[in-house]
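The values are calculated or read from the model by the stated rules, or taken from the named source; none is laboratory data. No experiment lies behind these values; they were computed from the predicted model shown. Here the Cβ is made from the backbone with ideal geometry for all residues, glycine too, and neighbour counts use every protein chain on show. Accessible surface areas use protein heavy atoms only, side chains included; no ligands, DNA or RNA. Shrake-Rupley method; radii C 1.70, N 1.55, O 1.52, S 1.80 Å.
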Amino acid sequence: MKEALLYVHVPFCTSKCDYCDFYSVPVCGKPVDPSYVQALLKEETYWRQRYSVSSWKTLYIGGGTPALMPAELTVRLVEGLLCGSKEVPEEITIEVNPEVLTEEKILAYKKCGINRLSMGIQSMNEKALKSVNRHCSAESIKKALSLIDRYWEGKLNLDLIAGLPGQSDAEFEDSVRKTAAFGADHISLYTLTLEEGTPLYKKTAGGTAFDYDRADSQWFAGRDILEEAGYAQYEVSNFAKKNCQGIHNTGYWQQQDYAGLGCSACGTFYDFSSGADVRGIRWSNTRNIDAYVKFWNDFNFNRKETFLPEFIPPVSERELLDSSTSEFEFLMMGLRTLRGVSEKVYEERYSDVGPWHGNLRKRLESVEKIKISGSESERYFHFDRDGLLFLNSALESLL
């Protein structure tokens, strides 16, 4: 059986936050169009059949704000996505925002098999939320957490951002403590990133009026608070209680096959055959919602040419990954985690990539602060929690 990860992008949101660079479209009070969900289901069927996927290992529904979908439409989406999967995914996640979460939606999520919520809190400080035009309030966050506490029985991730304008260091640390005290299984702690073209980038004069050092110091303080509260860091921005690491994102970091459905989503299927010129095929979907919906809802599965290797849907762009690109991505993604990269897997996949020919020790000999752990039969090369701070410079040295 062939397994793969499944990501589904629902690009609709209430309004865009000032820092957001993800593809999303404000709905301005309009309901999510069911025709978009139907297009997602058609696209899922296509990629599952094309790559002979027997089961989706995980399902992650992100956005945008997927929780904008009515409860019954979410159930229809999830059940439709999984009707061709022989096995139930080990992890089914949906992103939710506090201001649109309801009892009805939580109960619907449980009904259709969703077992993990990921809620973007970002901060529990009202000033920080307003400073970036976040479309929820500290009060709506409290109400959403109360609903989750009362009705939700699955796993829960909460997102936080260090460096948001409008809050002092003490207020940020208080926000982290309050979030940790809720007892979620998993917390993602990011440092605010200023993306060119966003309103926040313009507000800070292209980043020149932004205090990067303060943002970093807040992140360090937040990391310490989370670790003191029993959360173990396992990746650059991710912390989890024991046995609660995110399975879907871990699959990305380990170069597992994944399909991406929806506008702006991307997917990658790998080929690690020794000597293969092409190590993977990656596609990226259009950002034109109308074109996407029309193509997939009109798609004819009886046209045999659409399943030929060289065919790419006209609403997608294709990239062929060569061995050098795939090899570097293996290091780039794997070294983000405290587990690191496997010497055995590197040798199996990249023994034909010169000049290292599968010798991971030789490949990483120029990288400072690298650690080696494990047994002779299964060694891992990795950074410790402090070494991760030098990840970017290490990757630059590997290019």
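Using a simple spin-label model with points 7 Å from Cα along the Cα→Cβ vector, what separation in nm is obtained for residue 227 and residue 54?
Between residue 227 and residue 54, the simple spin-label model gives 4.3 nm.
For residue 110 and residue 333, what is the calculated FRET efficiency with R₀ set at 35 Å and r taken between the beta-carbons, to the nearest 0.05?
With R0 = 35 Å, the Cβ-Cβ based efficiency is 0.65.
Among the lysines, which fall within straight-line cross-link reach of residue 241, defined as a Cα-Cα distance under 17 Å, with same-chain neighbours fewer than 8 residues apart omitted?
Cross-link targets: 155, 178.
Check the straight Cα-Cα distances from residue 344 and name the lysines below 18 Å, setting aside those fewer than 8 residues away within the same chain.
Candidates past the 8-residue exclusion: 362, 371.
Rg (Å, one decimal) plus Dmax (Å, integer) for the alpha carbons of the stretch 293-399?
Cα only, the stretch 293-399: 19.2, 55 Å (Rg, Dmax).
Classify the stretch 173-232 as rounded, prolate or oblate from the Cα gyration tensor: take a ≥ b ≥ c as the square roots of its eigenvalues, call it rounded if a/c is under 1.5, otherwise prolate when a/b beats b/c and oblate if not.
Prolate, because a/c is 1.5 or more and a/b exceeds b/c.
Need one number: nm distance between label points at residue 318 and residue 72, each 7 Å from Cα along Cα→Cβ, rounded to one decimal.
4.0
For the stretch 326-399, what does the relative contact order come out to in percent, with C-alpha contacts under 8 Å and a separation of six or more?
35
If you average the C-alpha positions of the stretch 337-385 and of the stretch 143-205 separately, how far apart do those two centres end up, in angstrom?
About 34 Å separates the Cα centre of the stretch 337-385 from the one of the stretch 143-205.
Could you work out the relative contact order of the stretch 134-197, using alpha carbon pairs under 8 angstrom and six or more residues apart, expressed as a whole percent?
Reported as a whole number, the value is 43 percent.
Can you tell me the relative contact order of the chain? Whole percent, Cα pairs under 8 Å, sequence separation 6 or more.
Contact order relative to length: 14 percent.
Measuring with a 1.4 Å probe in the full set of protein chains, what accessible area per residue, in whole Å², belongs to the chain?
45
For the stretch 140-239, count the residues as N, evaluate 2.2 N^0.38 Å, and divide the Cα radius of gyration by that value, please.
For the stretch 140-239, the normalised Cα radius of gyration is 1.17.
Which residues in the stretch 111-144 place their backbone N less than 20 Å from a point set 7 Å from the Cα of residue 209 along the Cα-to-Cβ direction?
127-134
Report the local net charge at residue 356: Lys and Arg +1, Asp and Glu -1, summed over other residues whose C-beta lies under 14 Å from its C-beta.
Counting the neighbours of residue 356, the net charge comes to -2.
Taking 0.36 nm per residue of separation and subtracting the Cα-Cα distance, what length does fully extending residue 288 through residue 243 add?
Between residue 288 and residue 243, full extension yields an extra 12.3 nm.
Arrange the peptides 167-177, 205-215 so that the one whose residues have, on average, the most other Cβ atoms within 10 Å appears first.
167-177, 205-215
Extension gain residue 30-residue 299, at 0.36 nm per residue separation less the Cα-Cα distance, in nm?
Taking 0.36 nm per residue and subtracting the Cα distance, the gain is 94.2 nm.
To the nearest Å, what is the center-to-center distance of the stretch 102-134 and the stretch 254-286, using C-alpha atoms only?
30
If you take the Cα Rg of the chain and divide it by 2.2 N^0.38 Å, with N the number of residues, what do you get?
Expressed relative to 2.2 N^0.38 Å, the Cα Rg reads 1.01.
Where does the Debye-calculated log10 I(q)/I(0) of the stretch 135-186 sit at q = 0.20 Å⁻¹, using only Cα point scatterers of equal weight, no solvent?
Listed by q, the Debye log ratios stand at -0.80.
Given the -39500 (n - 2.57) contribution per DSSP H run of 4+ residues, what per-residue ellipticity at 222 nm results for the chain, rounded to the nearest 500 deg cm²/dmol?
-10500 deg cm²/dmol
If I stretch the segment between residue 273 and residue 220 completely, what's the gain in nm (0.36 nm per residue apart, minus their alpha carbon distance), one decimal?
Here the answer is 14.9 nm.
Taking the alpha carbon gyration tensor of the stretch 209-357, what are the square roots of 5 times its eigenvalues, largest first, to the nearest whole Å?
Semi-axes from the Cα gyration tensor: 35, 24, 15 Å.
Specify whether the C-alpha gyration tensor of the stretch 11-76 places it in the rounded, prolate or oblate class, a ≥ b ≥ c being the square roots of the eigenvalues: rounded for a/c under 1.5, otherwise prolate if a/b is larger than b/c and oblate if not.
The shape class here is prolate.
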